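The values are calculated or read from the model by the stated rules, or taken from the named source; none is laboratory data. Given the structure is predicted, the values throughout are model-derived calculations rather than measurements. Cβ coordinates were reconstructed from backbone atoms using ideal geometry, including for glycine residues, and neighbour counts include every protein chain displayed.
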Amino acid sequence: MNNDLKHRLMADMYDLGLGRREFVAASTLAMLGGIGGPAGAQQAPGKPVKGGNLNVGYPGDPKIYNGFVYENIPQYPIMHNVVSKLLWWDAKGELSGDLAEKWQQPADLKEITFTLRRGVKWHDGQPFTVEDVIWSLQTVQKTPLSFAKYIAAMTDVRALDANTVKVTFSAPTPASVFAYYAGSNVILPKHLYAGKDLQTNPLNTAPIGTGPFKWKQYNRDQSVVLERNPNYHGVVPYLDTLTFVFTPNASTAILQLQSGKIDMISNFRDLGINDIVSLTKDPKLNVARINSTVVQRLCFNFRPEGLAKHKWIADVRVRQAIAHAIDRDTICNKLLRGAVQPSWGPFAKANPIYDSRIEAPKFDPARANALLDEAGYKRGGDGVRINTELAYIPHVGTDVTAPAIADMLGKVGIKVNLLTADYQAYLAKYWLGPNGQGDTAMAFNIGITAPTGDDCRPNYDSRYQPRNNGSGVSIPDVDRLFDLGRVEPDALKQRAIYSRITQILSDQVVNVWLGTTAPPNIAAKKVRNLGSIGYWDVNQRFNEVWLSS
């Protein structure tokens with residue numbers, strides 16, 4: 001690390017005074033703002049009742065249910081009920097054991113010893129063993145998937161005895177990576193996958209895991225039906241069955257919920273603000289916010305094809321002008337009615353590594369116009385300085401936010417053509433595809449930033465291009481700082497590192513960050529204990545949910 005960077009980190013060290021438990025409490029209070037009460041708000045759970053089927057409206061069929069072949073956000077909430085990981089972020093935001101009962105790691109973070117739970121069985125009745133862990137880790141490391149990058153330094157994984165696995169790394173690697181949110185860090189049964197083609201294995205549409213629910217039936221483009229796993233190593237599900245009903249959009253799901261065809265809607269990122277307000281007022285429903293640190297952000301395209309087509313992106317003065325032209329407070333607090341909590345930087349405001357000292361550019365159209373003039377982008381006869389485009393992801397409120405941003409930019413002479421697609425098509429075209437953001441100038445995306453700072457790195461680390469860092473951000477100091485932050489054991493020093501990352505990204509205006517949000521879970525009153533489902537939106541399990549009579 002160069003001396004300048006080291007000195008800046010030393011200057012940034014300070015005490016935020018928040019631990020993880022305080023973070024969870026702050027999340028619960030702060031995530032919702034003006035709509036629907038605090039995160040997870042619902043009627044008192046009461047005494048659990050066993051039995052029944054829960055129909056969950058869900059946005060589309062992922063079609064492949066194997067995280068070693070294909071990982072995509074819509075796949076995760078379904079698969080996390082079927083498969084297990086070594087470690088898990090529980091509903092309180094604490095790192096806890098899943099298939100591992102406990103784990104030990106020395107100070108240098110170059111090895112982890114996992115003690116596995118005894119008596120765990122696969123859904124086909126075969127015993128879960130150390131060989132499953134060894135095969136899974138060795139297999140996923142060879143893939144191009146995101147978790148492979150997290151364990152890239154793994155040099156050895158071996159059994160110490162029938163219930164103990166030791167993983168060795170050439171570089172420091174914290175245990176928390178084994179709870180990483182993606183679908184590629186699960187443990188799969190070696191006896192069903194080894195020696196067979198992962199891409200064509202029939203289990204890709206009928207997976208066998210060790211999770212709380214077993215796969216029962218798959219109706220392509222219609223539904224997935226799961227049933228209780230009576231041998232689950234955690235809290236055995238109260239529900240007899242859990243059915244994910246694939247629904248084309250939030251509007252259809254709302255009608256199905258109100259008619260009683262489904263009992264709950266989950267993960268619909270195209271929920272409109274008016275929909276949420278209306279549903280919150282319905283006495284027959286519960287609207288439960290999820291503790292999430294998903295950040296909505298406008299991404300400038302730094303990929304070579306983006307810079308070649310839109311030369312203005314390379315000028316930080318233009319990016320600063322765009323930030324000054326957007327009235328973030330009006331969007332969050334008035335147009336979105338508090339559904340998005342304003343924050344600035346790659347980390348959500350409720351996260352303990354969030355640095356409130358780093359302020360967002362103030363809404364100042366006069367300053368925006370001055371910067372654009374200074375950069376040489378004069379208004380033409382039609383008042384337009386720059387013709388450009390903004391693709392926006394279907395997510396909570398983006399149907400309101402994107403037109404508002406286009407209108408605000410238009411007032412300073414930047415004419416914006418809006419582009420969008422359904423959620424899956426958007427991910428493929430503008431974010432997670434082989435060309436990332438392609439040559440599209442700006443994309444209004446979401447950024448996963450929880451539960452640790454390390455979960456944010458794929459959005460900004462140049463080594464995660466193009467799949468996660470689709471906009472091509474490439475800042476060597478940021479890459480090095482993420483490496484340091486991942487392994488720094490001292491909380492104060494780690495916060496200073498993440499503060500420095502925030503400062504660099506803010507100074508360069510690589511994004512214009514709007515704030516934090518997550519699509520709510522909305523359910524009939526009979527659906528109880530919604531708060532147990534998960535810590536955040538892609539990390540959900542339904543084993544402690546139950547239905548009242």
Considering the range 109-127, residues that are more than 21 Å from residue 543 (Cα to Cα) and not in a strand (DSSP E or B), and then whichever is modelled with the lowest pLDDT, we arrive at 109
Note on the range 56-75: residues crowded, with 20+ Cβ neighbours inside 10 Å and either of a type in the set (Phe, Trp, Tyr) or assigned by TED's automatic domain parsing to the domain that holds residue 147 (or both) are 58, 65, 68
Task: Selection status of residue 153, modelled with pLDDT of 90 or more, touching a Phe, Trp or Tyr at 6+ places or on another chain (Cβ under 6 Å) and crowded, with 20+ Cβ neighbours inside 10 Å - done: no
Being crowded, with 24+ Cβ neighbours inside 10 Å and either among the basic types (Lys, Arg) or in contact with a strand residue (DSSP E or B) (Cβ under 7 Å, 6 or more places away or on another chain) (or both) narrows 546, 513 down to just 513
If we take the range 266-332, then helices (runs of 4 or more DSSP H) inside it with 2 or more residues that are assigned by TED's automatic domain parsing to the domain that holds residue 350 are 304-309, 316-325
- For the range 412-428, state whether one or more residues are surrounded by 17 or more Cβ atoms within 10 Å (Cβ to Cβ) and basic (Lys, Arg). no
Within the range 480-492, residues being touching a Lys or Arg at 6+ places or on another chain (Cβ under 9 Å) and either modelled with pLDDT of 95 or more or basic (Lys, Arg) (or both) number 2
Check: Within the range 459-477, is there a residue that is within 23 Å of residue 95 (Cβ to Cβ), at pLDDT 95 or above and among the hydrophobic types (A, V, I, L, M, F, W, C)?
Finding: no
Only unsatisfied item for residue 504, checking (1) of a type outside the set (Phe, Trp, Tyr); (2) without any contact (Cβ under 8 Å) to a residue 12 or more places away in the chain; (3) buried (at least 16 other Cβ atoms within 10 Å of the Cβ), is (2)
Within the range 493-524, the residues that are of a type in the set (Val, Ile, Thr) and at pLDDT below 95 are 516, 517, 522
Pairs returned, first residue in the range 129-148 that is within 17 Å of residue 189 (Cα to Cα), second residue that is among the hydroxyl-bearing types (Ser, Thr, Tyr) and surrounded by 20 or more Cβ atoms within 10 Å (Cβ to Cβ), beta-carbon separation under 6 angstrom, 6 or more apart or interchain, are 140/184
Those strands (runs of 3 or more DSSP E) completely within the range 1-108 that have 1 or more residues that are modelled with pLDDT under 90 and within 23 Å of residue 353 (Cα to Cα) are 87-89, 95-97
Selection from the range 391-424 of residues assigned to a helix (DSSP H, G or I) and over 25 Å from residue 338 (Cβ atoms) yields 410, 424
